2 protein chains.
Amino acid sequence: MNNCKNLLFTLLLIIPMVVVKAQISVNQDRLVKRIMDLAQFGIQENGQTERVAFSDADVAAQQWIISQLKEMGLETHIDFAGNVIGIRKGTDASKKPISFGSHIDRVPHGGNYDGCVGSMGSLEVIKVLNENSIKTKHPLEVIIFSNEEGGVMGSRAIAGHLNETAFPVKNSTGYTMGEGMMRLGGDTLRLAEVARKTGDVAAFLELHIEQGGILEKENLDIGIVEGIVGLKWWDVEFKGFANHAGTTPMNARKDALLAAAKFIIAVNEVANSFEGAQVATVGKILAEPGAPNVIPGKVITSLEIRDLSSEVIKNVYDAIVKRASEISQESGVKISFFKSDTTADPAIMDATIQKQIKKSIKSLSLSYKSMPSGAGHDAQDMALITPSGMIFVPSKGGISHSPQEFTSASDMANGANVLLNTILALDKSL
Amino acid sequence: MNNCKNLLFTLLLIIPMVVVKAQISVNQDRLVKRIMDLAQFGIQENGQTERVAFSDADVAAQQWIISQLKEMGLETHIDFAGNVIGIRKGTDASKKPISFGSHIDRVPHGGNYDGCVGSMGSLEVIKVLNENSIKTKHPLEVIIFSNEEGGVMGSRAIAGHLNETAFPVKNSTGYTMGEGMMRLGGDTLRLAEVARKTGDVAAFLELHIEQGGILEKENLDIGIVEGIVGLKWWDVEFKGFANHAGTTPMNARKDALLAAAKFIIAVNEVANSFEGAQVATVGKILAEPGAPNVIPGKVITSLEIRDLSSEVIKNVYDAIVKRASEISQESGVKISFFKSDTTADPAIMDATIQKQIKKSIKSLSLSYKSMPSGAGHDAQDMALITPSGMIFVPSKGGISHSPQEFTSASDMANGANVLLNTILALDKSL
């Protein structure tokens, strides 16, 4: 009886361990090695990597990824938009693929983690499934999207709304988007064939660094993305009157830069006056004629507003326009707003997928919070054609688009494990 | 006896007419033509002229002036500071030259009259003296000063206080001052040879447009300049932290442009808070990286303060620095002031020369007033080494440093006639 009790006790102790053990995990060291291997493509003498879309380094890195995917037994190709596609077959021929991935192109002077964590994390997920001989009902599709930084080119193409008018836009390599697409192995004339319809993909997941400082500051492992904020851009023009800075008394000036300064402060005050996470930014300014001894007659600034709600963006904009009109009346400087072609509607992540991500996080005993993404991502375009979700991991110091960008090995592994578990859960539930 | 009376009467009638006739005049049409010819150097497709110092247009215009001076029989050269010098010999070898002139370089998007009226007026004076075969005791020296707009480079060099530290400063052509000086035919290594000592020049006169609206508003022909306000320049650097405009919450930003905007407003408020005619201007601004979707990490602006009193300039600057320190503390953006080599002490015009200008104005039956100059001029540096005077003519609408700058033909001719008569009077009295 005592023996029996001991056996029962031992079993009660072992069973949960076995269950925990059954939850497969990514290999953290291998994931870090992949990140470092990828950083070799475009590495400079100063030890930093440059890999703007369409560069030789970008083309070579894509080829390296294809070879990795092939080694892991996936069917691979580059689609007409220059996206790298890898398919791992499913067991149920009636099922559409569960897709996941990110991008490997970088902004100039960018870091090793933006896009790369999600891309290398996706490869690691496949590797772990292979190692554990786990088959899925759904085909699994790895997508490494082309030219994310230059206007989410690859994902826009898959969502079927990449416009030909974007083709002439050059990036810092000197290639236009059209030329760059061809360089990657795409085909501008067959771009329409890349577009997918609703129902073609069962679900989409993207692992990505947060690029803000919230998770680190709150000491959290994972962010569940509620949605990707929409954004709108304007050029704002201030027309005063250029005049001699020595001979024009203070009270006889129509100083366009003084009006622009008041506007920049107003933008900040308006953005802060609303409850919520909306942001408004003036990042660009040009004053003419731009000499120390001339009162500026004309100034042009940018204006960007982002929020998860289009209505909030409109309300912030309206409040800014009202303040601008007051500044114009006081100063005699004419202020005009010119709407830019650069806009993105807010993209809401699928509620069921968000719940599934939360379950995976809990099963891994990680801490988390739900949050919006302030930055644009490929997932926002994928969300137009399939239920989508995003998993954020912390960025050290909130720094991104900089060589100082950093995410720790354990944070990357946590994110990849959440991705892995969510894929397996969705494979069962969808 | 009757005949004798008639003769006497006739003589009394004729003599004043002869005297009046003896007062030679400039040729108004020829002066206007010179202004228009000069405006061809640097003319753009939009009909406006660009001729920033060191530009191809500036170099070509200097060569054109040299050919004009040579045609008029002057000995010409370009000195080591890039000034055009033309000497018309005097009859008394013991006399030092009476010098006069102005500049032909322009601010970006400037007008056809600033500097050009005094330069072309000086050429016209020489032409009229030649036509009337008038010889002077003193040599007459025409000086077309180099790079007036970029810090009265040429006149500072002649006054012997152009500092080498100014050489690396670039203007909008992209050339540094040192490179530009070489382009004009100067020589940075032999600059010291250009400096003149007190006594080397008998007197200096400069004809110039007012660049303010006072003469026009009061319907006066001529301004006799009492003195030129002093000015100081600084570069002001704002160091925040560049970050992603989407992912960085409003309260986590170190926005260098927002701090710069507060500074621009503070400069205006401080200048307005003092009694008097002091002016303070921010004319130049550069934000980095300068993209609509990046929070500016670094901004550089100019700061200029002018007044007839050096003490007032210092007080205004101290008040601005105090406000900048408050802005820096609130925003976490580091603000640093870098004093520019471009400074000018207030310069008082010579009292005797002012009287002589007044006599010339009265002999021409023109209206006038005595006034300070809010703008810096080459005369302020010349005043350091020789008794100097300035003659102002009206600017339409007080507009200057603008393509809309305008001075009428008769106003220009009036000014050139005052210059001519003052030179002749000084030749007799000095």
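For residue A:53, the requirement of being of a type in the set (A, V, I, L, M, F, W, C), more than 20 Å from residue A:131 (Cβ to Cβ) and surrounded by fewer than 21 Cβ atoms within 10 Å (Cβ to Cβ) is not met.
Checked against (1) touching a strand residue (DSSP E or B) at 6+ places or on another chain (Cβ under 7 Å); (2) polar (S, T, N, Q); (3) surrounded by fewer than 24 Cβ atoms within 10 Å (Cβ to Cβ), residue B:155 meets all criteria but (3). Among the residues of segment A:180-189, write down those that are open to solvent by 10 Å² or more (accessible area, probe 1.4 Å) and in a helix (DSSP H, G or I). Across segment A:180-189, the qualifying residues are A:182, A:183, A:188, A:189. Just a yes or no: is a residue in segment B:259-272 free of Cβ contacts under 8 Å to residues at least 12 places away in the same chain, touching a strand residue (DSSP E or B) at 6+ places or on another chain (Cβ under 8 Å) and small (Gly, Ala, Ser)? Looking through segment B:259-272, none of the residues is free of Cβ contacts under 8 Å to residues at least 12 places away in the same chain, touching a strand residue (DSSP E or B) at 6+ places or on another chain (Cβ under 8 Å) and small (Gly, Ala, Ser).
Based on this model, can you work out whether residue A:402 counts as within 14 Å of another protein chain (Cβ to nearest Cβ), closer than 30 Å to residue A:343 by Cα and buried (at least 24 other Cβ atoms within 10 Å of the Cβ)? For residue A:402, the condition - within 14 Å of another protein chain (Cβ to nearest Cβ), closer than 30 Å to residue A:343 by Cα and buried (at least 24 other Cβ atoms within 10 Å of the Cβ) - is not met. When A:240, A:223 are checked against the criterion of being more than 7 Å from chain B (Cβ to nearest Cβ), within 30 Å of residue A:380 (Cα to Cα) and at pLDDT 95 or above, a single residue qualifies: A:223. Residues in segment A:303-329 that are surrounded by 22 or more Cβ atoms within 10 Å (Cβ to Cβ) and in a helix (DSSP H, G or I): 4 in all.
Beta carbons closer than 9 Å, at least 6 apart along the sequence or on distinct chains, pair a first residue in segment A:295-312 that is within 11 Å of another protein chain (Cβ to nearest Cβ) with a second that is β-branched (Val, Ile, Thr) and surrounded by fewer than 20 Cβ atoms within 10 Å (Cβ to Cβ) for A:304/A:342.
Number of residues in segment B:235-283 that are of a type in the set (Phe, Trp, Tyr), out of contact with any Gly (no Cβ under 7 Å at 6 or more places or on another chain) and closer than 14 Å to residue B:299 by Cβ: the value is 2. Of all residues in segment B:330-353, those satisfying the criterion of being closer than 29 Å to residue B:384 by Cα and either within 14 Å of another protein chain (Cβ to nearest Cβ) or crowded, with 20+ Cβ neighbours inside 10 Å (or both) are B:337, B:338, B:339, B:340, B:341, B:342, B:343, B:344, B:346, B:347, B:349, B:353. Would you check if residue B:15 is out of contact with any Phe, Trp or Tyr (no Cβ under 9 Å at 6 or more places or on another chain) and either modelled with pLDDT under 95 or within 30 Å of residue B:171 (Cα to Cα) (or both)? Yes: the conditions hold for residue B:15. Using the structure shown, decide if residue B:277 is at pLDDT below 95 and farther than 30 Å from residue A:343 by Cα. Here the answer is yes, as residue B:277 does meet what is asked. Scanning segment A:132-169 for residues being farther than 21 Å from residue A:344 by Cβ and free of Cβ contacts under 8 Å to residues at least 40 places away in the same chain gives a total of 1. Among all positions in segment A:161-174, there is no residue which is in contact with a strand residue (DSSP E or B) (Cβ under 7 Å, 6 or more places away or on another chain) and surrounded by 23 or more Cβ atoms within 10 Å (Cβ to Cβ).
Please go through segment A:162-176 and pick out each residue that is modelled with pLDDT under 85 and among the polar types (S, T, N, Q). Hits for segment A:162-176 are A:163, A:165. Among helices (runs of 4 or more DSSP H) entirely within segment A:331-430, having at least 3 residues that are among the aliphatic types (A, V, I, L, M) and touching a Ser or Thr at 6+ places or on another chain (Cβ under 9 Å) singles out A:351-363, A:409-429. Quick check on residue A:289: is it modelled with pLDDT under 95, within 14 Å of chain B (Cβ to nearest Cβ) and within 20 Å of residue A:254 (Cα to Cα)? Yes, satisfied. Within segment A:267-322, count every residue that is under 28 Å from the mean Cα position of the chain (by Cα) and under 30 Å from residue A:244 (Cα atoms). Count: 8. Does segment A:409-417 contain any residue that is without any contact (Cβ under 8 Å) to a residue 60 or more places away in the chain and either polar (S, T, N, Q) or open to solvent by 30 Å² or more (accessible area, probe 1.4 Å) (or both)? The answer is no; no qualifying residue exists.
Within segment A:23-37, does at least one residue satisfy the condition of being assigned to a loop (DSSP other than H, G, I, E, B), open to solvent by 50 Å² or more (accessible area, probe 1.4 Å) and modelled with pLDDT of 95 or more? Looking for residues that are assigned to a loop (DSSP other than H, G, I, E, B), open to solvent by 50 Å² or more (accessible area, probe 1.4 Å) and modelled with pLDDT of 95 or more, one finds at least one in segment A:23-37, hence yes. The criterion of at least 1 residues that are surrounded by fewer than 24 Cβ atoms within 10 Å (Cβ to Cβ) and of a type in the set (Asp, Glu) is met by the following strands (runs of 3 or more DSSP E) wholly inside segment B:190-302: B:222-228, B:230-239, B:285-288.
The values are calculated or read from the model by the stated rules, or taken from the named source; none is laboratory data. The structure presented is a predicted model; accordingly, all values stated were derived computationally and were not measured. Because the Cβ atoms are built from the backbone with ideal geometry, glycine has one as well, and the counts that use them run over all protein chains shown. Note: accessible area is taken over every heavy atom of the protein model, side chains too, but ligands, DNA and RNA are not part of it. Shrake-Rupley method; radii C 1.70, N 1.55, O 1.52, S 1.80 Å.
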